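Values in this text are rule-based calculations from the coordinates and carry no lab data. All values reported here derive from a predicted model rather than from experimental measurement. Cβ placement follows ideal geometry from the backbone for every residue including glycine, while neighbour counts extend to all protein chains displayed.
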Amino acid sequence: MKSLDLAKTQASGNPERPGWRQQWDQRTDRWMTSPRFYRWAISNPLTRWITRRRAAQLFQVMAGFVHSQVLLACVRLQVFEWLREQPRSLSQLAQHCRMSTAAMQRLLQSAIALRLIEQRGADSYGLGALGAPVAADPGLRLMIEHNAVLFDDMRDPLALLRDEIQPHMQAYWPYMNGDNPHGWEAEKVARYSELMSASQRFVIEELLAAYDFSGHQQVLDIGGGKGGWVLALAQHVPRLHLHLMDLPPVAALAAERMLQAGVSERVTVHGGSFISNALPSGADLVTLVRVAHDHPDAVVKALLLKIYQTLPSGGRLLLAEPMAQPAGEAPVGDAYFHFYLLAMGSGRLRTPAELRGLMLEAGFESVEPIANPMPLHTRMLLGQKR
Ligand SMILES: C[S@@+](CC[C@H](N)C(=O)[O-])C[C@H]1O[C@@H](n2cnc3c(N)ncnc32)[C@H](O)[C@@H]1O
């Protein structure tokens with residue numbers, strides 16, 4: 001199913017190049033891989049900067065794992081939170097992190113090179129430009145820690161691609177093995193729901209910045225997790241009535257959270273599966289946040305159809321999730337999400353055009369992209385039922 005879906009994408013997304021272009025590509029490949037071309041390009045002042053830039057880019061790709069481990073070490077040592085309070089000296093940091101000053105210096109030099117930490121004086125270290133967001137966001141730190149599970153599964157990328165290993169990521173996400181939560185360990189459900197809840201803050205800001213929710217009466221969030229999004233929406237538009245649907249053990253966590261936040265009267269929590277149960281009715285807006293990419297096309301198609309059927313005329317679906325970057329934009333997160341979803345064992349990263357196609361197929365008459373400030377981890381599509 002997975003590979004079929006992906007093959008379809010590639011067939012429709014990459015039109016064949018004309019014959020002359022293919023010959024040109026082949027000739028370029030031969031030039032670019034010849035040592036003579038390299039020697040010429042690096043010695044020519046007009047092309048040297050391109051050669052150097054490409055070499056630096058390739059080095060970044062090759063060293064990516066080391067870079068992310070430097071980041072993980074800083075997160076595990078809580079260096080960023082500590083530097084957020086005030087700059088520290090080498091010996092203070094070494095003592096705090098319980099390591100020798102030589103080891104600490106090595107980590108600091110690496111983190112400085114990656115702009116995670118900044119040297120502020122002869123013996124003073126503060127937050128770097130890329131360390132500051134990590135210091136500010138516990139959800140980001142949790143995701144960085146969680147990536148250790150993915151990297152473990154990617155230790156042998158060929159075994160992962162050839163389906164020769166049982167990835168730990170599949171055990172991390174119990175709903176990858178079906179939507180019957182009977183027998184799921186409560187601790188596992190709580191762990192993934194907490195990760196989602198902590199990392200949802202960014203997405204919530206994107207949603208609130210991109211769309212005016214005040215014109216709606218009732219909103220249903222499907223696969224809403226512990227309810228961070230419906231809670232934020234309840235606070236943002238105080239007269240809205242909200243519904244959240246998620247699998248029963250997750251819905252129980254959400255219900256508890258709504259009770260604690262004092263919004264239980266305005267937020268109805270429904271425990272159930274969007275695969276095997278009917279959707280709650282009454283909403284004029286459905287939100288689907290970071291859900292579709294977890295599932296194969298057949299499940300997404302059936303879900304979109306259910307959403308379409310449950311909406312009244314004029315009702316809308318707002319779909320938000322990471323999407324493959326459209327042609328012409330730098331595909332910063334694509335490789336990460338492609339492999340994340342492979343290790344998870346279900347779903348795939350879709351382009352906005354593919355998701356739009358699935359929404360149109362379900363019946364939505366108009367489906368348009370909604371611009372949001374940070375399209376790296378979330379993009380949005382809005383569909384309307386006539
Ligand atoms: C990746 S999480 C996203 C959670 C939340 N929307 C967010 O952005 O943080 C996907 C959610 O979909 C829920 N889910 C998965 N399969 C489901 C199903 N068949 N029915 C209802 N919810 C489901 C999961 O329990 C989980 O809470």
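So the values come out like this:
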{"quantity": "Shape of region 299-346, Cα gyration tensor, a/c cut at 1.5", "calculated": "oblate"}
{"quantity": "Three semi-axes of the equivalent ellipsoid, the chain, Cα gyration tensor, whole Å, largest first", "calculated": "39, 31, 20"}
{"quantity": "Reduced Cα scattering model of region 58-135, Debye log10 I(q)/I(0), q = 0.10, 0.21, 0.23 Å⁻¹", "calculated": "-0.20, -0.88, -1.05"}
{"quantity": "Hull volume in cubic angstrom per residue (convex hull over the Cα atoms of region 93-198)", "calculated": "153"}
{"quantity": "0 to 90° range, to nearest 10: angle between helix 48-76 axis and the chain longest Cα axis", "calculated": "60"}
{"quantity": "Packing-based exposure ordering (other Cβ within 10 Å, fewest first) of VAL70, VAL61", "calculated": "VAL61, VAL70"}
{"quantity": "Assigned charges on the beta-carbon of Lys, Arg, Asp, Glu; region 34-136 dipole about Cα centre (debye)", "calculated": "600"}
{"quantity": "Angle between the chain longest axis and helix 2-13 axis [Cα atoms, degrees, rounded to 10]", "calculated": "80"}
{"quantity": "For region 261-268, Karplus couplings with θ = phi - 60° (6.51, -1.76, 1.60), whole Hz, Gly/Pro x", "calculated": "7, x, 10, 4, 6, 9, 10, 9"}
{"quantity": "Amide hydrogen neighbours beyond the local backbone of GLY272, cut-off 5 Å, H modeled", "calculated": "ASP246, LEU247"}
{"quantity": "Sequence of MET245, MET62 once ranked by neighbouring C-beta atoms within 10 Å, starting from the fewest", "calculated": "MET62, MET245"}
{"quantity": "Size of electric dipole in region 19-66: Cβ of Lys, Arg +1 and of Asp, Glu -1, about Cα centre, debye, nearest 20", "calculated": "180"}
{"quantity": "25 °C / 0.890 mPa s Stokes-Einstein diffusion coefficient of region 258-386, Kirkwood radius on C-alpha pairs, µm²/s", "calculated": "156"}
